[in-house]
Amino acid sequence: MASIREMRLRIKSVKSLAQVTKALETVSASKVRKAVQANQASKPYSEKAWKVLLHLARQPGHNNLHPLLNERPLVRKILVVLISGDRGLAGSYNVNVLRNTLLYFDQFSQPVDYVCVGKKGRDLLLRRRANVIAEFTDLNNPATFLEISPISHLIVDDFLNEGHDQFYISYTEFESMTKQNTVIRKILPLEVDFSGQGPNATHQSGNSVFTYEPDQKELLDEIIPRFTAMQIYQSVLSSQASEHAARMVSMSNATENANELGGMLQLEYNKARQQSITNDMLDIVGGASAQAGN
C-alpha cells in the first residue's frame, strides 16, 4: 500500500491535471464559436456563387463552358485533400477521418495521392506509406481565406495540367458539439445533380435571371476557381470547429474522471491517515499501560 506522503503527492498531481484539462476545455469552447461564426459568415458568398454556377450548368452545352466542368472519360489518378488537426487530445477525431478516408478509397482501382491539411493526418498517412504530395500545417484558428488559396491553386493547376483526373476532399462536418461526421465528396470536376438526391443536388427553379458582365467566359474563369477555394475553406472551418468540439468533449470527460479519481484518492488518504492516527493512539495507550503495570 502506498505511503501517506505518496498518496498526498498523487492527489496533488491529479488536481493539477484536472485544472489543465479544464483550461483546455474552456479554450476549445471559445475556438469552436470562432470557427462556426467564420463558417456562417462565408456562406452567403458561397451560396450566391453556387446559384450562378447552377444557372450556367442548366444552359445548353455547359460541358464546354470551362475545363473545370469537364468530366474526363478515363480516370488515371485521384487526388484527395485530407483535413485533420495539428494537435491531439481530441478523442478519436483524427483517427476517424483517416480511417473513413482509407476505407473509402481502398475500393478505387486508380492510384490515390494526398494533400494533407494538418499534421496528424500527414503523420498517419506516412505511417501507412501513402503518397503525400503536399502538406499545409499550423493554420490560424479560424483559418483565413488567404491561407486556403494556395491549396486551391495547387488543385486547380494540377487538374488543368492533367496531373490528376478527379479531386476529392475528406473532412469532418460540424453538426453539433457532440456530433461530427466524416464527409468525402468530389470537388473537381464540378458536377451538378438535378435529381435532388446527390451531395450537389439542387431544387432551384429555372426562372432565375442573371446578367453577365463582361461575359460568361471571363466570369467562369474567376468564379469556378474561387468557388473551389470556397469549398475547401468552408471544409477547413467545419473541420476546425469539429476538432475543437471533440477536444472540448474529451477534456470535459478527462476533467470529470480526474475529479472522480481525486475524490477516491482523497477518501483512501483519509482512511490511511485515520488508521495511522489510530495506530499512534494505540501505541500511546499501550505504552502508558506498560508503565502503569511497572
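Some points to look at:
- Qualifying residue in the stretch 124-143 (condition: basic (K, R) and assigned to a helix (DSSP H, G or I)): yes
- Only one of S242, S238 that is open to solvent by less than 30 Å² (accessible area, probe 1.4 Å), in contact with a strand residue (DSSP E or B) (Cβ under 7 Å, 6 or more places away or on another chain) and closer than 26 Å to Q19 by Cα: S242
- Consider the stretch 145-180 and keep the residues that are surrounded by fewer than 13 Cβ atoms within 10 Å (Cβ to Cβ) and either at pLDDT 95 or above or not charged (D, E, K, R) (or both). The one that is nearest to V36 (Cα to Cα) is S176.
- Long-range neighbours under 8 Å by Cβ, at least six apart or interchain, first residue among the β-branched types (V, I, T) within the stretch 114-138, second surrounded by fewer than 15 Cβ atoms within 10 Å (Cβ to Cβ): V115/I133; V117/T137; V132/L126
- Checked against (1) surrounded by fewer than 22 Cβ atoms within 10 Å (Cβ to Cβ); (2) not in a loop (DSSP other than H, G, I, E, B), Q110 meets all criteria but (2).
- Residues that are under 20 Å from the mean Cα position of the chain (by Cα), surrounded by fewer than 22 Cβ atoms within 10 Å (Cβ to Cβ), free of Cβ contacts under 8 Å to residues at least 40 places away in the same chain and more than 30 Å from L190 (Cβ to Cβ) are absent from the stretch 277-290 altogether.
- G118 vs. criteria surrounded by 15 or more Cβ atoms within 10 Å (Cβ to Cβ), within 19 Å of N181 (Cβ to Cβ) and touching a strand residue (DSSP E or B) at 6+ places or on another chain (Cβ under 8 Å): yes
- One residue stands out in the stretch 54-77 among those that are touching a helix residue (DSSP H, G or I) at 6+ places or on another chain (Cβ under 7 Å) and at pLDDT 70 or above: the one that is nearest to L154 (Cα to Cα), namely L68.
- Scan of the stretch 81-103 for residues that are surrounded by fewer than 23 Cβ atoms within 10 Å (Cβ to Cβ) and either in a strand (DSSP E or B) or among the hydroxyl-bearing types (S, T, Y) (or both), ordered by number: S92
- Some residue of the stretch 208-217 being within 18 Å of the chain's Cα centre (by Cα) and either open to solvent by less than 20 Å² (accessible area, probe 1.4 Å) or at pLDDT 70 or above (or both): no
- Any hit, the stretch 247-259, residues being of a type in the set (A, V, I, L, M, F, W, C), open to solvent by 10 Å² or more (accessible area, probe 1.4 Å), touching a strand residue (DSSP E or B) at 6+ places or on another chain (Cβ under 8 Å) and part of a helix (DSSP H, G or I): no
- Among the numbered conditions (1) under 30 Å from Y45 (Cα atoms); (2) in a loop (DSSP other than H, G, I, E, B), the only one that C116 does not meet is (2).
The values are calculated or read from the model by the stated rules, or taken from the named source; none is laboratory data. Not measured: the values here are computed from a predicted model. Backbone-built Cβ (ideal geometry, glycine too); neighbour counts: all protein chains shown. Just so you know, the surface numbers come from the protein's heavy atoms only, side chains and all, with ligands and any DNA or RNA stripped out. Shrake-Rupley method; radii C 1.70, N 1.55, O 1.52, S 1.80 Å.
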